[in-house]
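Here's the structure, in structure tokens; my notes come after.
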Amino acid sequence: MDKREFLKTSGAFLAGTMLSPLAPGEQPGPARTNWSGNYTYSTDHLYQPETIEQARQVVKSCSKLRALGARHSFNGIADSTENQISVTHLNEMVLDREASTVTVGGGVTYSQLAPYLDSNGYALHNLASLPHISVAGAIATATHGSGNKNGNLATAVSALEVVTADGAVVVLSRKQDGERFRGAVVNLGGLGVVTKVTLDVQPTFQVSQVVYENLAMDQVKEHLDEIFARGYSVSLFTDWQNHRITQVWVKRKVEKGSTPQFAPELLGAKAATRRLHPLAGHSAESCTEQRGIPGTWYERLPHFRINATPSSGAELQSEYLIPRERGYEAILAIETLRDQVTPHLFISELRTIEADDLWMSTAYHRPSMAIHFTWKPEWPAVKNLLPMIEEKLAPFDARPHWGKLFTMAPSQIKPLYAEMSNYQGLLAHYDPHGKFRNRFMDTNIYGA
Ligand SMILES: Cc1cc2nc3c(=O)[nH]c(=O)nc-3n(C[C@H](O)[C@H](O)[C@H](O)COP(=O)(O)OP(=O)(O)OC[C@H]3O[C@@H](n4cnc5c(N)ncnc54)[C@H](O)[C@@H]3O)c2cc1C
């Protein structure tokens, strides 16, 4: 349905911002792109309802539609050739102290949620490397931070409210809906428009972050588990050169008011005495505080500060999750490609994620290690490298991050998800005519 047709047929709520394009000044012109600018959406029809009722009307009136979050995915997962809907105006946040949960509107970002929770004495269990993404968008792709005992961000979800293809408002909860709920949380945007998410919260906590420089890869060989167990959340950065980890970021929970001590060395790597950016030579202005100085959870768990832009956005990203116990083997496999990879790479990051039971989660039933690549914006070269990386990681049954760039064929992806056919069944149940299907879903979920 085009915009004119929609205006004609739905008189009741046409005024206001519902049919307006993105906010004035945000992105002028018909071409709208994702955050990085590497992907241009295939439609200029963007609906921005202000209420759930308006969202229902949009869903009912479109034959094809896709929800758009904060635009931080690097591929076409949020794209549509016909219509997109952004629920950014659904931004209420309601804390339930008794249940230890917070319920947020489908448009709320972690940058909005984290300070709200903290000011009320609460915290989430973890955050991604940056807080600017939406909760609904993050859970849809199994976005994760790091930490052996930390599930991805979707594991905090205890209930979802979704407007499904027929305009119905469906609520699914961990308590009531068992398997159906577990299929719906990491939903890849395919189930409908998420208008509310309820998340588990816990009392606020303090974290101190220390960055260690130059860890020999031979230490990683002997002590990988120990290194990842050094903190509540640990990240290893490498450019794959010189058989070393360039930086280890260790984030530890600490008591409020304490002066935490930290080891000046980690297996020979030295604690940095100044704040560092993961990329050598880049200003650390946008990075969260380090040097062991304690701060509240949301100012330490992400690598990048809430009120800073992590980079210009001129970058590409790919990431693969493999079984944690085979971490070092997988590192060695990628290291063999170092001379092809490094020239096109800004940096790689290794993180750990606890296993979960969410059907389409990249950590489904598998304690995982993620191997991440932040690429220079050189797609022709990166596109040639990805199949080489994927071939190296195939023996590890690597699952690609749903929101990043990959070239694996659907025939390789499908066997990695034991519940794939049940997920297809769930989609067929809530979206029998494929209203929310897009090219990404046609390829990766339904393709051969
Ligand atoms: C600089 C940068 C850093 C990143 N760091 C990390 C990281 O640390 N860890 C990690 O795992 N990933 C990371 N990512 C990837 C990012 O977290 C994911 O791509 C995430 O899905 C983006 O969320 P978003 O709000 O931008 O959603 P979008 O990219 O806009 O959409 C993602 C998916 O969510 C769906 N969706 C969005 N909103 C709704 C809704 N209301 N209802 C239904 N479906 C919806 C879309 O249809 C789409 O399928 C990073 C990305 C960037 C650009």
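Got a sec to turn the phi values of region 236-252 into Karplus ³J(HN,Hα) couplings, 6.51 cos²θ - 1.76 cosθ + 1.60 with θ = phi - 60°, whole Hz, x for Gly and Pro?
Along region 236-252, the couplings run 10, 10, 8, 9, 6, 9, 6, 6, 8, 8, 6, 9, 10, 9, 10, 10, 10 Hz.
Taking θ = phi - 60°, what integer Hz values does the Karplus form 6.51 cos²θ - 1.76 cosθ + 1.60 yield along region 256-263, in sequence order, with x for Gly and Pro?
Running phi through 6.51 cos²θ - 1.76 cosθ + 1.60 with θ = phi - 60° gives 4, x, 7, 10, x, 8, 9, 5 Hz.
Taking all protein chains in place and a 1.4 Å probe, what share, in percent, of the accessible surface of the chain do carbon and sulfur account for?
Using a 1.4 Å probe with all protein chains present, the chain comes out at 51 percent carbon and sulfur.
Which whole-Hz couplings ³J(HN,Hα) result when phi for each residue of region 103-116 is put into the Karplus expression 6.51 cos²θ - 1.76 cosθ + 1.60, θ = phi - 60°, listed in order with x for Gly and Pro?
For region 103-116, the Karplus curve yields 10, 10, x, x, x, 6, 9, 5, 5, 7, 6, 4, x, 4 Hz.
By its C-alpha gyration tensor, with a ≥ b ≥ c as the square roots of the eigenvalues, how is region 194-238 shaped: rounded for a/c under 1.5, else prolate for a/b larger than b/c, else oblate?
Since a/c reaches 1.5 and a/b is larger than b/c, the shape of region 194-238 is classed as prolate.
Which of Pro432, Pro415, Ala398 sits farthest toward the positive end of the charge dipole of the chain, with +1 on the Cβ of Lys and Arg and -1 on the Cβ of Asp and Glu?
Pro432
Add -39500 (n - 2.57) for each DSSP H run of 4 or more in the chain, then divide by its residues: what number comes out at 222 nm, to the nearest 500 deg cm²/dmol?
Estimated from H runs of four or more residues: -6500 deg cm²/dmol.
Net charge around Arg182, counting only other residues with Cβ within less than 10 Å of its Cβ (Lys, Arg = +1; Asp, Glu = -1)?
Charge balance near Arg182 sits at -3.
Compute the semi-axes of the equivalent ellipsoid of the chain, taking the square root of 5 times each eigenvalue of the Cα gyration tensor, and list them largest first in whole Å.
Over the Cα atoms of the chain, the ellipsoid semi-axes are 36, 25, 21 Å.
Using modelled backbone amide H atoms (1.01 Å from N, in-plane), which distant-in-sequence or interchain residues come within less than 5 Å of Thr101's amide H?
Counting only residues 5 or more places away or on other chains, the set is Asp96, Val201.
5 Å is the cut-off here: which amide hydrogens, built 1.01 Å from N in the peptide plane, fall below it relative to His45, excluding neighbours closer than 5 in sequence?
Correct list: Gln84.
How large is the charge dipole for the chain, taken about the Cα centre, if only the Cβ atoms of Lys, Arg (+1) and Asp, Glu (-1) carry charge, to the nearest 20 debye?
Charge dipole of the chain: 280 debye, to the nearest 20.
If you average the C-alpha positions of region 144-186 and of region 411-425 separately, how far apart do those two centres end up, in angstrom?
18
Which value, in Å², gives the accessible area per residue of the chain when a 1.4 Å probe is used on the protein heavy atoms?
Per-residue accessible area for the chain comes out at 39 Å².
Less than 16 Å apart at the alpha-carbon level, and either on another chain or at least 8 residues along: which lysines does that give for Lys435?
Lys60, Lys64
Rounded, prolate or oblate: which one fits region 294-360, using the alpha carbon gyration tensor with axes a ≥ b ≥ c (rounded when a/c is under 1.5, else prolate when a/b beats b/c, else oblate)?
The shape class here is oblate.
Once every Cα of region 308-448 carries one equal point scatterer and solvent is ignored, give the base-10 log of I(q)/I(0) from the Debye formula at q = 0.17 Å⁻¹, two decimals.
Each listed q maps to, in turn, -1.00.
Evaluate E = 1/(1 + (r/R0)^6) for Asp397 and Asp200, where r is the Cβ-Cβ distance and R0 equals 30 Å; express this FRET efficiency to the nearest 0.05.
0.55
Please return the longest stretch of the chain lacking exposed loop sites, where trypsin sites (Lys or Arg not before Pro) count only if DSSP places them in a loop and at most 10 other Cβ atoms lie within 10 Å.
1-255
Hey, got the Cα dimensions of region 86-238 along the principal axes, in Å, largest first?
57, 32, 28
Between beta-carbons, use under 14 Å as the cut-off and find the net charge around Glu349, counting Lys and Arg +1, Asp and Glu -1.
Net local charge, Glu349 excluded: 0.
Hey, can you grab everything whose amide H is under 5 Å from the amide H of Ile347? Only 5+ residues off in sequence or another chain; H modelled, so Pro and N-termini drop out.
Placed amide hydrogens put Thr374 under 5 Å from Ile347.
What's the local net charge at Trp297, with K and R +1, D and E -1, over the other residues with C-beta under 12 Å away?
So the environment of Trp297 carries a net charge of +3.
Could you tell me the center-to-center distance, by alpha carbons, between region 240-286 and region 31-59 in angstrom?
The distance from the Cα centre of region 240-286 to that of region 31-59 comes to 39 Å.
Using +1 at the C-beta of Lys and Arg and -1 at the C-beta of Asp and Glu, which of Leu279, Asn83, Leu236 has the Cα lying farthest in the positive direction of the dipole of the chain?
So the residue we want is Asn83.
Classify region 49-131 as rounded, prolate or oblate, taking a ≥ b ≥ c as the square roots of the eigenvalues of its Cα gyration tensor: rounded when a/c is under 1.5, otherwise prolate if a/b is larger than b/c and oblate if not.
Note, shape of region 49-131 comes out oblate.
The values are calculated or read from the model by the stated rules, or taken from the named source; none is laboratory data. Predicted, not measured: the structure shown is a model, and the values here were computed from it. Neighbour counts are summed over all protein chains in view; Cβ atoms, including those assigned to glycine, are modelled from backbone coordinates with ideal geometry. Accessible surface areas use protein heavy atoms only, side chains included; no ligands, DNA or RNA. Shrake-Rupley method; radii C 1.70, N 1.55, O 1.52, S 1.80 Å.
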